[in-house]
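Please read the structure below before turning to the comments.
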Amino acid sequence: MADLTVRPMTEADSERVLAIYQAGLDAGNASFEITAPTWTAFDAARLSGHRFVAVDRDGTVLGWIAVSPTSTRAVYAGVVEHSVYVDPAAQGRGVARLLLDALITSTEAAGIWTIQSGVFPENAASMALHQRAGFRVIGVRERVGRHHDRWRDVVLLERRSPTIT
């Protein structure tokens with residue numbers, strides 16, 4: 001991990017970010033989505049202050065993390081939903097954990113008290129990552145949607161900040 005750096009995501013990263021996103025979607029256990037959005041749609045849906053990429057010493061983007069607001073209601077201003085994706089060739093190197101740690105630091109500094117995510121239960125690596133980072137299982141939405149012609153469950157996870165009360 002010493003050869004990895006986390007920095008804010010920029011528009012210049014868009015090609016790699018969307019390619020990594022698509023690779024995750026193609027693997028089948030990342031999202032109900034099947035096609036990565038355009039950069040314009042991606043950019044519009046995510047909070048600019050909480051988007052990061054992990055890069056190697058050559059500056060190649062190996063993974064990304066970003067959050068979206070869960071609601072426009074003021075009472076939910078401190079609640080976000082996140083996504084984290086890692087290039088398949090870089091998996092197992094601690095990229096996702098570095099990104100998640102950066103996101104937690106960033107969101108807590110901004111007063112965000114809850115980070116949530118929905119994960120397919122078959123995505124064992126994501127489940128383990130989140131639990132190691134202090135996320136807890138809230139529940140399971142059973143057969144919540146169809147994906148590649150089969151019903152899928154989604155495990156709801158959240159991390160509550162211990163510092164924001």
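Numerical summary
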item	result
Lone qualifier among V67, V61, V80, V75 - being surrounded by 18 or more Cβ atoms within 10 Å (Cβ to Cβ) and farther than 17 Å from A44 by Cα	V61
Within region 116-136, tally of residues that are more than 22 Å from A66 (Cβ to Cβ) and in contact (Cβ under 8 Å) with a residue 12 or more places away in the chain	2
Output for region 85-101, where each listed residue is over 15 Å from Q22 (Cβ atoms), buried (at least 19 other Cβ atoms within 10 Å of the Cβ) and either in contact with a Leu (Cβ under 8 Å, 6 or more places away or on another chain) or at pLDDT below 95 (or both)	V95, A96, L98, L100
Near pairs, Cβ below 9 angstrom, 6+ apart or cross-chain, from region 91-115 (on the phi > 0 side of the Ramachandran plot and without any contact (Cβ under 8 Å) to a residue 40 or more places away in the chain) to any residue that is open to solvent by 10 Å² or more (accessible area, probe 1.4 Å) and part of a helix (DSSP H, G or I)	G92/A125
Which listed residue, of V95, V140, V86, V61, is farther than 16 Å from T5 by Cα and of a type in the set (A, V, I, L, M, F, W, C)	V140
Only one of D26, D13 that is more than 15 Å from the chain's Cα centre (by Cα), open to solvent by less than 20 Å² (accessible area, probe 1.4 Å) and not polar (S, T, N, Q)	D13
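The values are calculated or read from the model by the stated rules, or taken from the named source; none is laboratory data. Quick caveat, the model's predicted, so the values are computed rather than measured. In this analysis, Cβ positions are derived from the backbone assuming ideal geometry, glycine residues included, and neighbour counts consider all displayed protein chains. Protein only, heavy atoms only, side chains kept; ligands, DNA and RNA dropped before computing areas. Shrake-Rupley method; radii C 1.70, N 1.55, O 1.52, S 1.80 Å.
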